[in-house]
Structures are given as C-alpha cells and as structure tokens.
Ligand SMILES: O=C1C[C@@](O)(C(=O)O)C[C@@H](O)[C@@H]1O
C-alpha cells in the first residue's frame, strides 16, 4: 500500500494536501503556525517560493525549521520549475542538486519530480528516492490549456511507463469540455491501471469541480489552500476537508 510518512492511502480517498508557499524563514514559521489550526492530511513544501535564497545547503536549514514547527506531518517536497508554474527560474542542474539534497534529508517523506526534466538528471534522482523508499510523484503541468483527450491519455501513459509511485497531471481548462476531458482520462487511466495511484486535476475556477469530485474518477490527492494558494482554483482547506466526507 502507498504511504507518505505516516499517511496510508487506503480509501476513503482523497487525501488533502496543503502547500506551504513561504518566501523566507520568518514566513515559513508563520505559515507553519497557521497550519497548526487547519485540517489536512499532508503538506507540500513548495521550496521554489524561496526564490534566490534557494540552494542545496539552505534546504536542510529550512527543512529543520519546518520540522521544528510541524514535527510529524507527512511532507511532500516540491521544487517546481518556472515553466511548470514555479516561482523562480533555475538551471536544470541546480534543480537536480537541490532535489538531491532534499532527498537526502530525513524530513522529506515524498518527492515531486517533473516528467519534462531530462531523463539523464531525473533517473538518478528516482533511484536515490527508491533507495530511501521514498514515493516519487511524477508530475506534469500545463498552465495554458488542456490538450485533446488523446494527448492527455498519451501523456498519462508515457508518465506511467516510468512507474512512479503516483502519476500527476494538472491542466488549465478553457471550456467545460476540458474539465470533462480530465475526468474522462482519469477514469480510463484508473480502469486500465487499477493499482496505479493518480492525481489529475483542472486548475482555475472552471476546474474547481475536479478538486471536489476528482476522487470519484480516481484522483487520490486534492490540493487546497491552507494559508496561501499555490495554484489557481484551490479551495479553502477547511471547506474541502468537510466536503470530502460527502463526495
Ligand atoms: O502540482 C501541484 C498541483 C497544483 O498545481 C494545483 O493545481 O493544485 C499545486 C501545486 O502546488 C502542486 O505541486
């Protein structure tokens, strides 16, 4: 069974993930303190929000600060690249170095790796995660549009071929049909691969329904706004926490 830290992914799904979007150590402390009063299942630490302060050595200090405030929370580490919605542009090699450092830090329970990263850098990071038994969330984001049904399906299959712990896609919808495409592709994917954990969502206001009802079609994590949102369309964490019991 898939686990992230102490969190076991047995139904009822979905699990609620709240991002930390702190831009400094002080901000991190205050976001962590605010999260002590929210309801959620796991935290995503979006390190890219630190911008120019990011480095492979800084990451350990920052994770230690986070763990002082939230010692036991299941923690997903994400360094989002600018081209996939991240807050700061880094050369790929820097991205790999920081991710490598995060992977070596005991504070981290799961790691997000982007599918579009060059395999020469991604493959060793995946191996490092496997060696520590850390789940890899292989992700892909398109903040502009939702492509055709066939391309979303193709994207999911290509990503799943890498056998990550979780396959994750996020698209921006332009029409209600785009939202349906994400639901339909999720359903098809989970029927084809019933054992393969999936996260599939539509962003923006139009896509909000996928954050509420995604689990019906097989999506196992929904991202919600705990302190400050990390993507357009995220709903308040407390609201989603209550709602999911009714979906
Ligand atoms: O990949 C995702 C999903 C997300 O983009 C969203 O739309 O909720 C939010 C990001 O923080 C996270 O890394």
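Quick notes
- Among the residues making up the stretch 230-243, a single one is out of contact with any strand residue (DSSP E or B) (no Cβ under 7 Å at 6 or more places or on another chain), within 15 Å of the ligand (Cβ to nearest atom) and under 16 Å from residue 39 (Cβ atoms): 239.
- Selection count, the stretch 173-200, where residues are buried (at least 20 other Cβ atoms within 10 Å of the Cβ), touching a strand residue (DSSP E or B) at 6+ places or on another chain (Cβ under 7 Å), outside any strand (DSSP E or B) and without any contact (Cβ under 8 Å) to a residue 60 or more places away in the chain: 7
- Taking the stretch 125-145 as the range and being touching a helix residue (DSSP H, G or I) at 6+ places or on another chain (Cβ under 8 Å) and away from the ligand (no atom under 13 Å from the Cβ) as the test, the residues that pass are 125, 128, 129, 132, 134, 135, 136, 145.
Matching residues to (1) surrounded by 15 or more Cβ atoms within 10 Å (Cβ to Cβ); (2) within 29 Å of residue 246 (Cα to Cα):
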{"position": "27", "(1), (2)": "yes, no"}
{"position": "51", "(1), (2)": "no, no"}
{"position": "66", "(1), (2)": "yes, no"}
{"position": "73", "(1), (2)": "yes, yes"}
{"position": "102", "(1), (2)": "yes, no"}
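- Qualifying residue in the stretch 77-89 (condition: assigned to a helix (DSSP H, G or I) and closer than 25 Å to residue 239 by Cβ): no
- Of the residues 123, 99, the single one that is part of a helix (DSSP H, G or I) and within 21 Å of residue 196 (Cβ to Cβ) is 123.
- Number of positions in the stretch 201-228 that are more than 14 Å from residue 146 (Cβ to Cβ), in a helix (DSSP H, G or I) and within 13 Å of the ligand (Cβ to nearest atom): 4
- If you check 42, 16, 76 for being within 16 Å of residue 223 (Cα to Cα), within 13 Å of the ligand (Cβ to nearest atom) and touching a helix residue (DSSP H, G or I) at 6+ places or on another chain (Cβ under 6 Å), only one passes: 16.
We did not get these values from a lab; they are worked out from the coordinates using the rules stated. Quantities reported herein were computed from a predicted structural model and do not represent experimental measurements. Here the Cβ is made from the backbone with ideal geometry for all residues, glycine too, and neighbour counts use every protein chain on show.
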